[in-house]
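Working notes, structure below.
The values are calculated or read from the model by the stated rules, or taken from the named source; none is laboratory data. Just so you know, these numbers come straight off a predicted model, no measurement behind them. Glycine gets a Cβ as well: all are built from the backbone with ideal geometry, and neighbour counts include every protein chain shown. With ligands, DNA and RNA removed, areas are computed over all heavy atoms of the protein, side chains included. Shrake-Rupley method; radii C 1.70, N 1.55, O 1.52, S 1.80 Å.
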Amino acid sequence: VKALEYDRKTVHLAREHDIGDILASGYRNLAAALGESGYPDSAMFYYRRSLDAAYARYEPVEIASSCQAIGIEYFLSGNSDSAFAYLNKARNIFEEEDIYDESYPQLYCYLGKIEASKNNFHKAENYLMKADSFSRTLGYFTDNLEIKKALTDLYASAGSWQKAFLYQKE
């Protein structure tokens, strides 16, 4: 409740004072809080506003981050095709701009989850191993548990019990 209150205030102040570089991330934070509160439609609305604000000022990091957030929201709602399209768009921007922030491993994790949901074991494994490698190499361990869980689930569904156990243990 407090997060929603503060995120709404941030967005309001950013719009009121024309602080565009804060507006895109403010919308994205508001969307995340709404999504976590069980309002996926409202979350998607504000993720799209975040993307619009990022394009209005042409901020590649914000555009990529908003595309990634929209992709994850689509994945969570069961729309893998749209999720994949937005996540790939984010990946392309990150790579073109040579930007690797803390969300980069998560991007690959979700690409892996999408491929796993389509039973594309090899592609899923490649994405998830990249996510794990980026997480370790870049020192961004925030999403490492989610990556290990995705690898565990992937190997378990493929019947590779030893690998599943290894990643579950990690």
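I'd like to check something: does segment 151-164 contain any residue that is touching a residue at least 40 places away in the same chain (Cβ under 8 Å), more than 28 Å from residue 23 (Cα to Cα) and open to solvent by 20 Å² or more (accessible area, probe 1.4 Å)?
yes
Restricting to segment 72-100, and then to whatever is open to solvent by 30 Å² or more (accessible area, probe 1.4 Å), charged (D, E, K, R) and touching a helix residue (DSSP H, G or I) at 6+ places or on another chain (Cβ under 7 Å), can you tell me which residue is modelled with the lowest pLDDT?
Per the criteria, the residue is 97.
Only residues that are surrounded by fewer than 17 Cβ atoms within 10 Å (Cβ to Cβ) and either touching a Gly at 6+ places or on another chain (Cβ under 9 Å) or under 18 Å from residue 115 (Cα atoms) (or both): list them for segment 134-148, please.
146
If you scan segment 52-71, which residues turn out to be open to solvent by less than 20 Å² (accessible area, probe 1.4 Å) and either more than 10 Å from the chain's Cα centre (by Cα) or of a type in the set (A, V, I, L, M, F, W, C) (or both)?
53, 54, 63, 64, 67, 69, 70
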